[in-house]
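Below is one structure, written out as structure tokens; the observations come after it.
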Amino acid sequence: MGRQGGNNESSISFAAVLAGLFFVVALYCATDPFKHSAIADFPDFETYYVELPSWSEIPTERDSDNLLQKSKIMFKDEVQGPESVAFDPQGRGPYTGVADGRVLFWTGQSWTDFAYTSSNRSEICDPKPSILSYSKNEHICGRPLGLRFDKKTGYLYIADAYFGLMKVGPEGGLATSVSTEAEGVPFKFTNDLDLDDEGNVYFTDTSTKYSRRNFLQVVFSAENTGRVLKYNAATGETTVLVRDVYFPNGLSLTKDGSFFVFCEGGKGRLRKYWLKGEKAGTTENFALLPGFPDNIRTNDKGDFWVAIHSRHSTLASLEAEYPRLRKFLLKLPISAKLQFLLHIGGRPHAVVVKYSAEGKLLQILEDSQGKVVRAVSEVEEKDGKLWIGSVLMSFVAVYDLH
């Protein structure tokens, strides 16, 4: 009897300690007294519900051979954060935008400056030892993301995260502004683009609330202020084609120009926007992805290569369904970088997938351990090789498809 009473008292004491700890943690998260959380600098930060696909709908295919580990690492420490990789109409290149605001060109022997997006360059835009060191001055130095050449004119179009849609002639130099707002709302996070045969530009603005240097806050909040837009080359007018999108990023036209596909990063899917035919001006789902996408590029056969920055995870699914839980966890004294690592499953690892023009999964390549290719932002196919860039890496990876 006495032992049972002691056990009851111990159970009550343990429960009381747990309750006390929970109260302290809850109070800490409610007040964030030391401002150590991932959202401490964002007093108006809110989290939103996201309807993710069910687990039964998500592709389960994996690359058990981890073929991306066979990639060749090129230009190590010569290019910092190469988001997009492009080749000009003559096949020269690659060209890539880097973290200090320049667009570089590979001559075949060395990298040379080709273009830049900011006229306000100074020593604060000089190369730095760490990619993360650039973020505080990105809005001054510029941050070129998506790159596309107009095959007819040779002009390079640039989606600069801060300066909007820009272009520069075949000789390079300072890019000129093409478009900076739509419907009176300035672009906050211009991300990627593609051109049709008439020179019209289709592009994405990831958020009207957060800039690129706060992209983690876009991910964490799951806000859907993103837009897909069109710049009309003949009239100079910019119109909104799709609104209320969860982290739109990569965009690519199909080979015949009948539609384009764009990545909805916050939902882990591809969506199609019809440009021609009876469905012109309408959207529909194109494919569900095994993870959360970045850029998308069309190859010569009309297939789409999609860069996946992380696979779906149990934690990401829970946080999508329960935004209050997500906000609670974000108020813990854990850095944004660590929160992001937890969100993507614990460690960076590259996944690349190829879809047909009909939305069928054709191929998957990955480095699940992140041994060689730890992250991927874009995949450009040229002459039987995949050129792989990433905003988080200081090199370009090249994978031989043969």
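The values are calculated or read from the model by the stated rules, or taken from the named source; none is laboratory data. All values derive from a computational prediction rather than experimental measurement. Every residue, glycine among them, receives a Cβ derived from its backbone with ideal geometry; neighbour counts consider all protein chains shown.
The combined condition, being touching a Gly at 6+ places or on another chain (Cβ under 9 Å) and either buried (at least 18 other Cβ atoms within 10 Å of the Cβ) or of a type in the set (Phe, Trp, Tyr) (or both), is not fulfilled by Ser356. Scanning the range 180-209 for residues that are more than 21 Å from Thr282 (Cα to Cα), touching a Ser or Thr at 6+ places or on another chain (Cβ under 8 Å) and either among the hydroxyl-bearing types (Ser, Thr, Tyr) or not assigned by TED's automatic domain parsing to the domain that holds Gly81 (or both) yields a count of 3. Restricting the range 285-309 to residues that are over 16 Å from Tyr246 (Cα atoms) and either basic (Lys, Arg) or modelled with pLDDT under 95 (or both), the residue that is surrounded by the most Cβ atoms within 10 Å (Cβ to Cβ) is Arg297. Only a single criterion out of (1) surrounded by 13 or more Cβ atoms within 10 Å (Cβ to Cβ); (2) under 30 Å from Gly236 (Cβ atoms) is not satisfied by Lys152, namely (1). When restricted to residues that are at pLDDT below 95 and more than 17 Å from the chain's Cα centre (by Cα), the range 388-402 contains 1.
The set of residues from the range 174-217 being assigned to a helix (DSSP H, G or I) and either more than 12 Å from the chain's Cα centre (by Cα) or modelled with pLDDT under 95 (or both) comprises Arg213, Asn214, Phe215, Leu216, Gln217.
Taking Val398 as the residue in question, decide whether it is among the β-branched types (Val, Ile, Thr), closer than 16 Å to Met74 by Cα and in a strand (DSSP E or B). It is true that Val398 is among the β-branched types (Val, Ile, Thr), closer than 16 Å to Met74 by Cα and in a strand (DSSP E or B). Only one of the listed residues (Leu288, Leu362, Leu330) is under 16 Å from Phe220 (Cα atoms) and not β-branched (Val, Ile, Thr). That residue is Leu330.
Contact map, the range 50-65: residues that are surrounded by 13 or more Cβ atoms within 10 Å (Cβ to Cβ) paired with residues that are outside any loop (DSSP other than H, G, I, E, B) and β-branched (Val, Ile, Thr), Cβ distance under 7 Å, separation 6+ or inter-chain. Pairs shown: Arg62/Ile364; Asp63/Ile364. When the range 252-271 is filtered for residues that are in contact with a Leu (Cβ under 9 Å, 6 or more places away or on another chain) and part of a strand (DSSP E or B), the ones remaining, listed by number, are Leu253, Phe259, Phe260, Val261, Phe262, Cys263, Glu264, Arg269, Leu270. Residues considered: Gln363, Gln339. Of these, the only one that is at pLDDT below 95 and not hydrophobic (A, V, I, L, M, F, W, C) is Gln339. Taking the conditions (1) crowded, with 22+ Cβ neighbours inside 10 Å; (2) modelled with pLDDT under 95 in turn, Pro127 satisfies each one other than (1). Residues of the range 231-238 include none that is closer than 20 Å to Arg311 by Cα and buried (at least 22 other Cβ atoms within 10 Å of the Cβ).
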